[in-house]
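Single-structure report; data block below.
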């Protein structure tokens, strides 16, 4: 630790003594109540949602080694806390909970307090902390700054003093930088969307049809009036050239190239019967592409044709791949229950296609013209899930968005809402959801007004909800309300006859997507894939096919252990069975090159250190 770094800590501890803080202090001097905390959640909603997946990734990376992560606002108020159960319980016992302040004035010297003071990342160990209760820990903190460089939060990772490495701080800095970049991107997109929406609103409010194209006639943009005039759908019009629409296009192109402005009566052939229309056309400069474009104004639009709103659900049953008899019966059953008003509970392992079925049910039902809204209950922090589902009124919290916020149930009114990972929903929210199911009404946070909603609920889970009920983690009455129409999706292991069909489907799709040639998979490798247990199901299969397409090779090591253990030896060639021997010899050779150094050997092999240790144990290799 350099002198400047040590001086920062010493100065902090001097300030703590001047403030009269006691070494024996255990709890923060400032812990706000639930009402104030809800206001904090509302004020920092974007940061909490953005940081949540990075916090999970950070804690998963060190899972099992007793670490916990904290997110605070710019004043040091804890907004979220996750981590290993044992050490997190210790932290909670010290009231390091949402609502507690970790700034210097409230709890003395710690990483979050110093980040708030200095705006710089910091790692503190043992006695660097002011109060004795924290001497067992090392905490690594890094700032989170907004679009303008102002401190809006702190990310902290804390573990026992003897387990933390200096690289821990680097991990936290990387995570906080990623959060900052995501927040900046969101803010930029928000401003761009506001600007684009403003322009688009003006563009679509024009009483005349407007189209732009490049000098070769390729259509770039158009307004809604142009769609009405030309009798086309959005994608069809954009795929056309002006020569497909205007009979005199070649003459117009020549006049524009000669620098003339066009204003004449022309024949429109377009996508319906020919008709006369007055057209003005002028060249404009597009600074974004550094190119010349042509703007066309058509007089005047015919009778407006109402445009059907596009559904947010794009999967349909005819896009589902499968020939397995049992799986086909599942599809028929899903079609049969599609028009029912009753709640559907889709059960199945991760990657079996639960959202695909939910969207297909919606598109097969009489709600197809209504919205389809999906919410992953496991991806939303507990403190925000209520506002996400039901919304909130203006003034519900300090900092609440002007005009309030519409929840997912209101957005789904007249259509379908999919509640994915329903087993992750907090018990208190399960009670609120039960009321919606019983009464078909919701209340926004901060409002006493009951809002009736007409929403078909499709819940999905990869958990055994009956077992969750027995363990007290899921309400029995809610389970029975959701499980009216159960729909079980089989794992890929249960429909092995579809594996090759899916491989060929994804192979064709991925080859087109990546502009590559399809890879022919040898029969021997197809046999291995057929007998692989596919814990990630269809999603995992799709990822493997994409890997094969991109690398133009078969990932033998990915399937090796599972295939050798589960596939009948008589059906595997000696060459395949010898792969374990080849792998063992290769690992021994690399270990010798690096004199038994695990880190260097793992890097050379392209695997993690833990994976290398596992293989050393498996093959009984002496280092």
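Below is a table of values for the structure above.
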| quantity | calculated |
| --- | --- |
| Members of the stretch 457-467 that are under 27 Å from the mean Cα position of the chain (by Cα) and surrounded by fewer than 16 Cβ atoms within 10 Å (Cβ to Cβ) | 463, 464 |
| Checklist (1) at pLDDT 95 or above; (2) under 20 Å from residue 172 (Cα atoms); (3) within 34 Å of the chain's Cα centre (by Cα) applied to residue 123, failing item | (1) |
| Residues being free of Cβ contacts under 8 Å to residues at least 40 places away in the same chain and either part of a helix (DSSP H, G or I) or not assigned by TED's automatic domain parsing to the domain that holds residue 463 (or both) - total across the stretch 356-390 | 1 |
| Which numbered condition residue 448 fails, given (1) more than 25 Å from residue 342 (Cβ to Cβ); (2) assigned by TED's automatic domain parsing to the domain that holds residue 417; (3) surrounded by fewer than 16 Cβ atoms within 10 Å (Cβ to Cβ); (4) in contact (Cβ under 8 Å) with a residue 12 or more places away in the chain | (4) |
| In the stretch 420-444, the residues that are in contact (Cβ under 8 Å) with a residue 60 or more places away in the chain and not in a helix (DSSP H, G or I) | 420 |
| Count - residues of the stretch 332-355 that are part of a helix (DSSP H, G or I) and surrounded by fewer than 16 Cβ atoms within 10 Å (Cβ to Cβ) | 4 |
| Criterion (under 29 Å from the mean Cα position of the chain (by Cα), surrounded by 22 or more Cβ atoms within 10 Å (Cβ to Cβ) and under 20 Å from residue 171 (Cβ atoms)) met by exactly one of 81, 51 | 51 |
| Single unsatisfied condition, residue 469 versus (1) closer than 22 Å to residue 537 by Cβ; (2) outside the structural domain of residue 526 (by TED's automatic domain parsing); (3) in a helix (DSSP H, G or I) | (1) |
| Elements of type helices (runs of 4 or more DSSP H) contained in the stretch 167-251, each with 2 or more residues being at pLDDT 85 or above | 167-205 |
| Strands (runs of 3 or more DSSP E) wholly inside the stretch 58-159 that include at least 2 residues being farther than 28 Å from residue 184 by Cα | 122-125, 137-145 |
| Among (1) within 25 Å of the chain's Cα centre (by Cα); (2) modelled with pLDDT under 90, the one test that residue 395 misses | (1) |
| Neighbours by Cβ (under 9 Å, 6+ apart or cross-chain): first from the stretch 506-518, loosely packed, with under 11 Cβ neighbours inside 10 Å; second assigned to a helix (DSSP H, G or I) | 517/511; 517/549 |
| Residue match in the stretch 1-16 (condition: farther than 22 Å from residue 130 by Cα, in contact with a helix residue (DSSP H, G or I) (Cβ under 8 Å, 6 or more places away or on another chain) and outside the structural domain of residue 610 (by TED's automatic domain parsing)) | no |
| Exclusive hit being out of contact with any helix residue (DSSP H, G or I) (no Cβ under 6 Å at 6 or more places or on another chain) and at pLDDT 85 or above, set 518, 540 | 540 |
| Residue check for residue 140: touching a helix residue (DSSP H, G or I) at 6+ places or on another chain (Cβ under 6 Å) and modelled with pLDDT of 85 or more | yes |
| Residues satisfying the stated conditions in the stretch 401-419, i.e. assigned to a strand (DSSP E or B) and either buried (at least 17 other Cβ atoms within 10 Å of the Cβ) or on the phi > 0 side of the Ramachandran plot (or both) | 405, 416, 417, 418, 419 |
| Selection status of residue 312, under 23 Å from the mean Cα position of the chain (by Cα), in a loop (DSSP other than H, G, I, E, B) and modelled with pLDDT under 90 | yes |
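Residues are listed down the side, and each one gets a yes or a no for (1) touching a helix residue (DSSP H, G or I) at 6+ places or on another chain (Cβ under 8 Å); (2) part of a loop (DSSP other than H, G, I, E, B); (3) under 26 Å from residue 615 (Cα atoms):
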position: 481; (1), (2), (3): yes, no, no
position: 501; (1), (2), (3): no, no, no
position: 504; (1), (2), (3): no, no, no
position: 527; (1), (2), (3): yes, no, yes
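The values are calculated or read from the model by the stated rules, or taken from the named source; none is laboratory data. What you see is a predicted model; the values in this text were computed from it and never measured. Cβ coordinates were reconstructed from backbone atoms using ideal geometry, including for glycine residues, and neighbour counts include every protein chain displayed.
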